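Undergrad: Dumping the structure here so I can ask a few things about it.
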Amino acid sequence: MPIRNPAVECLDFEGRGQQQLERLQSTLNRAYKNVPFYRNQLTEHRIDPLQIENLSDLASVPFTDRSHFSEHYPYGLFAVPLRDVVRIHTAQGTSLNPVVSGYTKQDLVVWRELVARALAAAGVSGSDILQIHLEVGLTNWGREYKDGAEAIEASVIPLTNLPPEKQLMILKDYRTSVLVTTASAAAELMDLLFRSNLNPNELALKTLVLVGEAPDPGGLAAQLEERLHVRAWTHYGLSEVPGPALAFECDERSGLHLSEDHFLAEVIDPAGDVAVEPGMPGELVLTTLTTRAFPLIRYRTGDKVRWLEGPCPCGRTLRRMEWLRERSDEAMVIRGVKVYPRQLKALLQRILGHEPQGTRFQIQRTGRRDHLVVWLGVDELIFSDEIKEMEQTSLRLGSEMAMELGIPVRIQFKEPGSFEADGS
Ligand SMILES: [Zn+2]
């Protein structure tokens with residue numbers, strides 16, 4: 001498989017536009033024909049997919065958001081029959097219904113190529129030993145990085161559920177040269193390394209591929225580079241759909257190149273729903289151009305980005321974006337995993353068996369480790385005058401939520417009346 005494919009990555013402006021238009025037309029047609037939701041959306045707005053003749057015509061097509069995944073759970077947005085789907089992924093949604101996405105054989109080939117392309121841009125090659133260390137909540141990405149890395153014939157140590165101590169042992173003993181992880185998990189390993197009196201020079205590690213978290217303006221990536229003597233590269237992806245490495249840093253590391261041969265991107269003002277001025281920050285809206293099983297049309301990612309103008313010295317013509325940390329929705333990002341307050345409330349209700357009397361959710365950091373803290377109002381169904389019993393309830397609820405979400409969760413009890421008093 002060609003890893004750096006100049007014919008694709010360096011296509012000129014006109015060629016790229018033509019390629020995107022043809023792929024957009026075909027995506028809209030297939031979605032119209034095969035997905036009743038998209039057909040209704042287009043019909044309601046009096047849009048005939050056959051009359052989309054310019055990329056700018058897309059602006060008249062209605063948006064898709066996470067609520068649509070929940071409404072059409074599980075297979076309502078699939079554009080191919082299930083017999084053509086060879087893989088089904090589940091990710092957290094905004095409600096109790098997870099997001100279910102499917103892949104055809106061809107979709108999997110495309111994803112492998114996208115991940116391989118992004119890894120190759122970070123200099124990963126067949127002589128590398130690549131270790132994947134991600135939260136359970138990012139298991140799907142672990143699988144896709146494994147496939148992409150195998151496609152460039154790196155030796156892959158796949159995602160496992162091992163604790164950081166064991167990950168560090170593998171990193172050292174197996175002579176890992178590339179680590180795919182989140183910046184926070186990498187920082188945790190770094191601290192552990194120094195606490196264990198290991199010298200970074202004892203490691204073969206040279207490359208960090210950081211996923212799931214927008215670059216930290218405090219310079220965590222730079223800190224990792226300096227202290228571990230490595231180079232860090234950021235990849236952008238969507239944890240809900242369709243996967244990792246949609247956009248990636250090149251050698252210049254000046255923004256992230258978006259794989260525009262497979263995605264059409266818009267940056268909009270989340271309040272006004274129209275495109276922002278070039279270079280201004282806004283919400284990233286994506287339309288898939290080659291996805292067969294689970295196409296997305298004008299999907300509102302909730303991620304904030306801004307376009308970087310001008311050509312990149314690396315020669316790629318794929319447009320570059322800066323991935324910003326703030327979001328345009330209420331999602332909280334914990335170790336690369338996105339969670340939504342509405343989803344958390346619904347999950348708590350299901351676990352408790354009744355509606356919780358007041359909730360508040362926050363991210364708390366202990367050392368390098370972020371976790372979700374759930375403040376829960378104590379009602380008579382939860383209350384016990386035995387402290388031990390309350391502690392057990394809190395541990396049980398926390399571990400059940402952690403199992404569902406794939407991130408660490410701690411439950412703290414609170415008087416129900418005190419939620420209003422502190423404005424929550
Ligand atoms: Zn570049």
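Undergrad: What number of residues within the range 136-165 satisfy the criterion of being at pLDDT 90 or above, over 22 Å from residue 107 (Cα atoms) and of a type outside the set (A, V, I, L, M, F, W, C)?
TA: Final tally of qualifying residues: 4.
Undergrad: What are the residue pairs meeting all of these: first residue in the range 256-267, first residue away from the ligand (no atom under 13 Å from the Cβ), second residue among the small types (Gly, Ala, Ser) and part of a strand (DSSP E or B), Cβ atoms under 7 Å, and 6 or more apart or on different chains?
TA: From residues that are away from the ligand (no atom under 13 Å from the Cβ), the pairs are 266/275; 267/275; 267/282.
Undergrad: So which residues in the range 228-273 are farther than 24 Å from residue 6 by Cβ, among the β-branched types (Val, Ile, Thr) and modelled with pLDDT of 95 or more?
TA: Answer for the range 228-273, where residues must be farther than 24 Å from residue 6 by Cβ, among the β-branched types (Val, Ile, Thr) and modelled with pLDDT of 95 or more: 230, 267, 268.
Undergrad: Moving to a separate point now. Go through 357, 362, 349, 343 for me and flag whichever is touching a Phe, Trp or Tyr at 6+ places or on another chain (Cβ under 8 Å) and more than 16 Å from the ligand (Cβ to nearest atom).
TA: 362 is the lone residue from the list that is touching a Phe, Trp or Tyr at 6+ places or on another chain (Cβ under 8 Å) and more than 16 Å from the ligand (Cβ to nearest atom).
Undergrad: A follow-up question, please. Would you confirm, using the coordinates I've provided, whether residue 247 is of a type in the set (Gly, Ala, Ser) and within 16 Å of the ligand (Cβ to nearest atom)?
TA: Answer is yes for this residue.
Undergrad: Give 265, 204 a once-over and let me know the one that is over 22 Å from residue 17 (Cβ atoms) and in the same structural domain as residue 318 (by TED's automatic domain parsing).
TA: Numbers: 265 fails: over 22 Å from residue 17 (Cβ atoms).
Just a single option satisfies the conditions, and that option is 204.
Undergrad: Scan the range 139-169 residue by residue and report those that are touching a strand residue (DSSP E or B) at 6+ places or on another chain (Cβ under 6 Å) and aliphatic (A, V, I, L, M).
TA: 149, 154, 156, 157, 159, listed by residue number.
Undergrad: Among the candidates 213, 226, which residue alone is of a type in the set (Asp, Glu), assigned by TED's automatic domain parsing to the domain that holds residue 134 and farther than 17 Å from residue 327 by Cα? Steps first, please.
TA: Numbers: 213 fails: farther than 17 Å from residue 327 by Cα.
226 is the lone residue from the list that is of a type in the set (Asp, Glu), assigned by TED's automatic domain parsing to the domain that holds residue 134 and farther than 17 Å from residue 327 by Cα.
Undergrad: Further, regarding this structure: Which condition from (1) in a helix (DSSP H, G or I); (2) surrounded by 14 or more Cβ atoms within 10 Å (Cβ to Cβ); (3) out of contact with any strand residue (DSSP E or B) (no Cβ under 7 Å at 6 or more places or on another chain) is the one that residue 198 breaks?
TA: Going through (1) in a helix (DSSP H, G or I); (2) surrounded by 14 or more Cβ atoms within 10 Å (Cβ to Cβ); (3) out of contact with any strand residue (DSSP E or B) (no Cβ under 7 Å at 6 or more places or on another chain) one by one, residue 198 breaks only (1).
Undergrad: Restricting to the range 276-314, count the residues that are more than 16 Å from the ligand (Cβ to nearest atom), assigned to a loop (DSSP other than H, G, I, E, B) and closer than 23 Å to residue 113 by Cβ.
TA: Count: 9.
Undergrad: Okay, moving on. Regarding residue 238, is this residue crowded, with 23+ Cβ neighbours inside 10 Å and either touching a helix residue (DSSP H, G or I) at 6+ places or on another chain (Cβ under 8 Å) or under 23 Å from residue 144 (Cα atoms) (or both)?
TA: Details: crowded, with 23+ Cβ neighbours inside 10 Å: no; either touching a helix residue (DSSP H, G or I) at 6+ places or on another chain (Cβ under 8 Å) or under 23 Å from residue 144 (Cα atoms) (or both): yes.
Spelling it out, it is not the case that residue 238 is crowded, with 23+ Cβ neighbours inside 10 Å and either touching a helix residue (DSSP H, G or I) at 6+ places or on another chain (Cβ under 8 Å) or under 23 Å from residue 144 (Cα atoms) (or both).
Undergrad: May I pose another question? List the number of the failed condition for residue 317; all other conditions in (1) more than 15 Å from the ligand (Cβ to nearest atom); (2) closer than 23 Å to residue 111 by Cβ hold.
TA: Just one mismatch for residue 317, condition (1).
Undergrad: Here is a list: 226, 188. Which entry is in contact (Cβ under 8 Å) with a residue 60 or more places away in the chain and more than 22 Å from residue 126 (Cα to Cα)?
TA: 188
Undergrad: Sticking with this structure for a sec: For the range 158-167, indicate whether the set of residues that are crowded, with 24+ Cβ neighbours inside 10 Å, farther than 23 Å from residue 261 by Cβ and either among the aliphatic types (A, V, I, L, M) or within 17 Å of the chain's Cα centre (by Cα) (or both) is non-empty.
TA: No - not one qualifying residue is present in the range 158-167.
Undergrad: Restricting to the range 233-244, name every residue that is within 16 Å of the ligand (Cβ to nearest atom) and more than 8 Å from the chain's Cα centre (by Cα).
TA: The answer is 233, 234, 235.
Undergrad: How many residues are closer than 18 Å to residue 337 by Cβ and crowded, with 18+ Cβ neighbours inside 10 Å when one looks only at the range 124-138?
TA: 6
Rundown of residues vs (1) buried (at least 19 other Cβ atoms within 10 Å of the Cβ); (2) free of Cβ contacts under 8 Å to residues at least 12 places away in the same chain, yes/no style:
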residue	(1), (2)
19	no, no
24	yes, no
28	yes, no
36	no, no
40	no, yes
43	no, yes
64	yes, no
69	yes, no
79	yes, no
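Undergrad: Then there's this: Among all residue pairs at least 6 apart or on different chains, which show Cβ distances below 8 Å where the first residue, located in the range 150-177, is under 16 Å from residue 198 (Cβ atoms) and the second is of a type in the set (D, E, K, R)?
TA: Taking only residues 6 or more apart or on different chains, the pairs are 164/188; 172/202.
The values are calculated or read from the model by the stated rules, or taken from the named source; none is laboratory data. Here the structure is a predicted model, which is why all the values come from computation and not from measurement. Ideal geometry is used to build each Cβ from the backbone, glycine not excepted, and the neighbour counts take in all protein chains shown.
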